[in-house]
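Report on the following structure.
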Amino acid sequence: MSSTASSESNHKMASGSNEESSHLLESSVRAEIYGSQPAEQQNLLNKMVHTTGIESKTFPQYVAALSAAGGAFAAGTLLGWTSPAQNRLTGGEYGFPVSDAAFSWIGSAMTLGAAFICIPIGFLINMIGRKLTMLLLVLPFTLGWALLIWAQNVEMMYAARFILGISGGAFCVTAPMYTGEIAQKDIRGTLGSFFQLMVTAGILFIYAIGAGLDVFAMSLVCGVIPLIFGAIFVFMPESPTYLVSKSKNESAIKSIQWLRGKDFNYNPELEELKATEEQIKQNSVSVGTALLRPVTLKALAISLGLMFFQQLCGINAVIFYSTDIFKDAETGIDEDLSTIVVGVMQVIATFVSVMVVDKLGRRLLLLASAIVMALSTVAMGVYFYMKDNDNDSVANLGWLPVSALCVFIIMFSIGFGPVPWLMMGELFASDIKGVAGSIAGTSNWVLAFIVTKTFVNMKEALGSGQTFWLFAGITVLGAVFVFLFVPETKGKSLNEIQTLLEGNSNSNPIVVNNSNNSSNDNGNIN
C-alpha cells in the first residue's frame with residue numbers, strides 16, 4: 001500500500017513538474033507578446049531551458065566546427081597564394097608575360113569574386129541549408145584551381161582568381177553561421193574562432209609549400225584541398241536551427257543528438273528553437289522590413305564597423321605584400337623564410353585567441369588588438385619615413401619594421417582577425433542572419449579589394465611611412481568604436497544576444513523579438 005501510494009505521489013509530482021514546465025514555456029511566449037513576466041518564472045525558465053540533467057558532449061561539436069573550417073583553410077590558401085607566386089609569375093614562369101600591374105589585378109580579382117557572391121549566398125543558405133551550400137562550393141573551388149593550374153594567358157588567371165574568390169567569400173559567410181548555430185553557448189566563441197585559425201593555417205601552408213614548389217605544383221596541391229574538405233564534411237550534420245526553420249523537427253533532433261550526444265535531453269533546446277521559429281513566423285516580414293528593425297540595424301552597424309576596421313588596419317596589405325616589406329626593410333632574411341615566419345606567428349596567435357576568447361571575452365581581445373596594432377604601425381611608419389628621407393639613418397634599424405610587423409600580425413590574429421567573423425555569426429536574428437551576414441561579408445571583401453589594390457598607390461602618393469601612419473590612425477578609431485559600441489557576447493545564447501541588443505537587461509532565452517514595434521511595446525530601448 002505504501003509503495004503504491006508513493007508511486008502515485010511520485011507520478012503526481014512528475015506530472016505536476018511537466019505541467020509546470022509547460023505553463024512556464026507558454027507564459028514565457030505570452031510575456032514576450034504582452035510585456036509581463038514574473039522574475040521567479042524567468043529564473044525557473046532559464047534553468048529549464050539550459051539544464052538537461054545530462055551534460056552534452058562537446059567533442060562532436062569540435063569535429064563539426066573543424067570540418068566546416070576546412071573551407072576556411074582552402075580560403076587561406078587563396079589569400080596567401082599571391083606572396084610566393086608573385087616573383088615567379090612576373091619572372092615568366094608560366095611562359096607568358098605577367099606585368100606588375102597585371103599581377104595586382106590577379107591578386108585583387110579574388111576579393112572582387114568574394115564581394116560578388118556574399119549577397120546571393122545569403123539567400124542560398126536559407127533556401128537549401130548551410131551544409132549543402134558549403135558542399136556545393138567545392139565545385140567552383142575545383143573549377144577555379146583548374147583554370148589557374150592550366151592557365152594559358154593572364155585573362156584565364158583573372159577568371160580563375162575571380163571564381164576562387166566566389167568560393168572563398170561564400171565560405172566566409174556560411175562557415176561562421178553554421179558554427180554559431182551548432183555550438184552550445186559556453187564554447188561558441190572557441191568554435192567560432194576556428195574559422196580564422198584555419199584561414200591562417202591555410203596561409204602558412206601555402207607559404208611553406210611555395211618555398212619549395214613552382215606555381216604549377218603549388219596550385220595543384222591547393223586544388224586538392226577543397227575535394228578533401230567535401231569528402232569529410234559530407235558526414236557532418238545540418239544546423240538544427242535551419243532544420244527547425246524548415247519544420248524538419250525529426251532531422252533537427254538527430255542533428256542535436258549527433259552534436260550533443262545520444263543521451264542528451266534534446267527537448268529543451270528543440271523547444272527553444274521551435275518557440276523562436278514560431279515567433280518569427282508570427283511576425284513574418286519582408287527582408288527589407290526585417291533589415292530595418294532597430295535591433296537588426298544596430299547589429300548591422302556593429303558588424304559593418306568591425307569589418308571596416310579589420311580591413312582598414314592594413315592587414316591585407318601586410319599579408320599580400322609581406323615579402324616586399326621584408327625586402328624593403330633590408331633585413332637580409334630570405335624572403336620565403338620571412339613569410340613562413342609570419343605565417344607561423346599568425347597560426348600560433350590565432351590558436352591563443354581560440355583558447356581565451358570564451359574566457360576573456362570579445363571586447364577585451366578587440367581593444368588590446370587595436371591598441372597594440374596601432375603602436376606597431378606607428379613604428380613601421382617611423383622606420384620607412386626615416387628610410388625614405390635618409391637611407392643611412394636606418395642602417396642599423398632593420399630589426400624595427402620586422403619586429404613591428406611580427407607584433408602587428410600576432411595582435412591582429414588574437415583580436416581583429418577572428419572576432420569580427422565570430423560576432424557576425426552571433427549578432428543577427430535567425431530570420432535575417434543570412435542576408436545581414438552577407439552584407440557584412442560583402443563590405444569586408446570590398447574593403448579588402450580597395451586596400452589591396454591601392455596600397456602601392458598610397459605608398460607612391462603619400463610615402464611608405466605616411467601610409468602606415470594612416471593605418472595606425474584608423475586603428476585607433478577602431479579601438480574607440482569597440483569601446484563605445486560593441487557589446488560583450490561571451491556566455492550568452494543567440495537569443496539572449498538579441499535581447500541585449502534591444503537594450504533589455506532581463507534577457508529571455510526562448511523568444512527572439514522580431515517585430516518593429518514589440519520592443520517599444522515592452523519598454524525596451526533600441
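Could you check, for region 159-174, whether at least one of its residues is within 13 Å of Ala68 (Cα to Cα), in contact with a helix residue (DSSP H, G or I) (Cβ under 7 Å, 6 or more places away or on another chain) and not hydrophobic (A, V, I, L, M, F, W, C)? Yes; the residues of region 159-174 include at least one that is within 13 Å of Ala68 (Cα to Cα), in contact with a helix residue (DSSP H, G or I) (Cβ under 7 Å, 6 or more places away or on another chain) and not hydrophobic (A, V, I, L, M, F, W, C).
Residues in region 52-98 that are under 19 Å from Gly189 (Cβ atoms) and open to solvent by 40 Å² or more (accessible area, probe 1.4 Å): Glu55, Lys57, Thr58, Phe59, Tyr62, Val63, Leu66. Restricted to region 98-153, the set of helices (runs of 4 or more DSSP H) holding at least 2 residues that are of a type outside the set (Asp, Glu) and at pLDDT below 90 comprises 100-128. Counting residues in region 187-196 that are part of a loop (DSSP other than H, G, I, E, B) and either open to solvent by 10 Å² or more (accessible area, probe 1.4 Å) or not basic (Lys, Arg) (or both) gives one or more.
The helices (runs of 4 or more DSSP H) found wholly in region 212-313 and carrying at least 3 residues that are within 23 Å of the chain's Cα centre (by Cα) occupy 215-233, 240-245, 249-260, 287-291, 294-312. List every residue pair whose Cβ atoms sit under 6 Å apart, with the two residues 6 or more apart in sequence or on different chains, where the first one lies in region 443-472 and is of a type in the set (S, T, N, Q) and the second, anywhere, is modelled with pLDDT of 90 or more. Going by the 6 Å Cβ cut-off, the qualifying pairs are Ser443/Leu304; Ser443/Met307; Asn444/Met307.
In region 381-398, the residues that are part of a loop (DSSP other than H, G, I, E, B) form Cβ pairs under 8 Å with partners that are crowded, with 18+ Cβ neighbours inside 10 Å and among the hydroxyl-bearing types (Ser, Thr, Tyr), at six or more places apart or across chains, as follows: Leu397/Tyr383.
Of all residues in region 456-499, those satisfying the criterion of being among the aliphatic types (A, V, I, L, M) and in contact with a Lys or Arg (Cβ under 7 Å, 6 or more places away or on another chain) are Val482, Val486. For region 134-149, does any single residue satisfy the condition of being crowded, with 23+ Cβ neighbours inside 10 Å, hydrophobic (A, V, I, L, M, F, W, C) and under 17 Å from Phe103 (Cα atoms)? Among the residues of region 134-149, at least one is crowded, with 23+ Cβ neighbours inside 10 Å, hydrophobic (A, V, I, L, M, F, W, C) and under 17 Å from Phe103 (Cα atoms), which makes the answer yes.
All conditions in (1) buried (at least 23 other Cβ atoms within 10 Å of the Cβ); (2) modelled with pLDDT under 90; (3) touching a helix residue (DSSP H, G or I) at 6+ places or on another chain (Cβ under 8 Å) hold for Tyr321, with the sole exception of (1).
Right, Thr350: closer than 26 Å to Ile182 by Cα, assigned to a helix (DSSP H, G or I), open to solvent by less than 10 Å² (accessible area, probe 1.4 Å) and of a type outside the set (Phe, Trp, Tyr) or not? Here the answer is yes, as Thr350 does meet what is asked.
Table: residues versus (1) charged (D, E, K, R); (2) within 14 Å of the chain's Cα centre (by Cα).
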residue: Trp399; (1), (2): no, no
residue: Ile410; (1), (2): no, no
residue: Trp421; (1), (2): no, yes
residue: Asn444; (1), (2): no, yes
residue: Ala448; (1), (2): no, no
residue: Lys459; (1), (2): yes, no
residue: Gln466; (1), (2): no, no
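The values are calculated or read from the model by the stated rules, or taken from the named source; none is laboratory data. None of the values given here were measured: they were computed from a predicted structure. With ideal geometry, Cβ positions are generated from the backbone for all residues, glycine too; neighbour counts draw on all protein chains shown. Surface accessibility is based on the protein's heavy atoms, side chains included, excluding ligands, DNA and RNA. Shrake-Rupley method; radii C 1.70, N 1.55, O 1.52, S 1.80 Å.
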